[in-house]
Amino acid sequence: MTDAAAGPPRATASQEHFIGLYLAKTDPWDNATSWHNRRKYAVTLASLPRERYRSAYEPGCSIGMLTRGLAARCDEVLAVDCVAEAVGTARAELRDLSHVRVETAMLPADLPAATFDLIVIGDLLYYLSAADLEELLDGLVQRLEPGGDLVAVHFRDRLTGGTYDGAAVHEALAGRPGLARVIQHEDEWFRLDVLRRDAGE
């Protein structure tokens, strides 16, 4: 369990912070080469309850490594990131997939108008202030169609302990009315939850 004293940052991590990471390195988190990340993507895709989805939304897509896997399971994918450099790399990596759009968006301000039957968000929520987290979670649930699946996968800080990590943001998400957890996975590296919106809503 996460230390009760752990809370979200006072301010959301700035766009400039992430821009600096991508200017220093094209793939700041080694998404394309790290075994931990490649395994995380494989577990995420294997955890999708349905073989096929109509429309997926992936906030915080980075350079598009998970996006390609989602594209194989979805008729349409909208992937977004706040850093133009990341978006450019993802577009280049995914240029062969005409049903995938990669756009620049700063969340929670730039949430799309569309609705989706699949939303996948990874390693993003713990960068948000309490107010921005609440706004984004509300916005994601509103854009998730009845019966749709919301997949969250975030790093667990088991080494330090008591930090605001994946366990905390996943509990905040699971507490949203109208969502039921259908899958949970947790190991020494990350936590994954699949939450389904009540089909009767």
Only one of 131, 86 is surrounded by fewer than 15 Cβ atoms within 10 Å (Cβ to Cβ) and either at pLDDT 95 or above or under 15 Å from the mean Cα position of the chain (by Cα) (or both), namely 131
| message | Looking for something among the aromatic types (Phe, Trp, Tyr) and surrounded by fewer than 17 Cβ atoms within 10 Å (Cβ to Cβ) - is there at least one such residue anywhere in segment 177-189? | response | yes
Residues in segment 74-90 that are closer than 21 Å to residue 139 by Cα, outside any loop (DSSP other than H, G, I, E, B) and of a type in the set (Val, Ile, Thr) total 2
Discussion item. Going residue by residue through segment 55-70, is there one that turns out to be among the aliphatic types (A, V, I, L, M), touching a Ser or Thr at 6+ places or on another chain (Cβ under 7 Å), within 22 Å of residue 25 (Cβ to Cβ) and in contact (Cβ under 8 Å) with a residue 12 or more places away in the chain?
Written reply: yes
Filtering segment 96-131 down to residues that are out of contact with any strand residue (DSSP E or B) (no Cβ under 7 Å at 6 or more places or on another chain) and under 22 Å from residue 157 (Cα atoms) yields 127, 128, 129, 130
On the given criteria, is residue 154 within 20 Å of residue 80 (Cβ to Cβ), surrounded by 21 or more Cβ atoms within 10 Å (Cβ to Cβ) and not hydroxyl-bearing (Ser, Thr, Tyr)?
-> yes
With criteria (1) surrounded by fewer than 21 Cβ atoms within 10 Å (Cβ to Cβ); (2) of a type in the set (A, V, I, L, M); (3) closer than 16 Å to residue 61 by Cα, residue 140 comes up short on (1)
If we keep only residues of segment 50-65 that are buried (at least 24 other Cβ atoms within 10 Å of the Cβ) and of a type outside the set (Asp, Glu), then the residue nearest to residue 128 (Cα to Cα) is 59
Among helices (runs of 4 or more DSSP H) completely within segment 1-73, the ones holding 3 or more residues that are modelled with pLDDT of 95 or more, under 16 Å from the mean Cα position of the chain (by Cα) and within 18 Å of residue 83 (Cβ to Cβ) are 65-71
What do you reckon, is residue 107 aliphatic (A, V, I, L, M), in a loop (DSSP other than H, G, I, E, B) and surrounded by 15 or more Cβ atoms within 10 Å (Cβ to Cβ)? yes
For residue 113, the lone unmet condition from (1) buried (at least 17 other Cβ atoms within 10 Å of the Cβ); (2) out of contact with any helix residue (DSSP H, G or I) (no Cβ under 7 Å at 6 or more places or on another chain); (3) in a loop (DSSP other than H, G, I, E, B) is (1)
Residue hits (segment 6-40; touching a helix residue (DSSP H, G or I) at 6+ places or on another chain (Cβ under 9 Å), of a type in the set (A, V, I, L, M, F, W, C) and over 27 Å from residue 167 (Cβ atoms)) are 19, 23
Result of the Cβ filter at 9 Å on segment 139-156, keeping first residues that are closer than 8 Å to residue 196 by Cα and partners that are hydroxyl-bearing (Ser, Thr, Tyr) and crowded, with 19+ Cβ neighbours inside 10 Å, at least 6 apart or interchain, is 148/53; 149/53
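The values are calculated or read from the model by the stated rules, or taken from the named source; none is laboratory data. Source: prediction; values computed, not measured. Don't worry about glycine lacking a Cβ; one is built from the backbone with ideal geometry, like all the others, and counts go over all protein chains shown.
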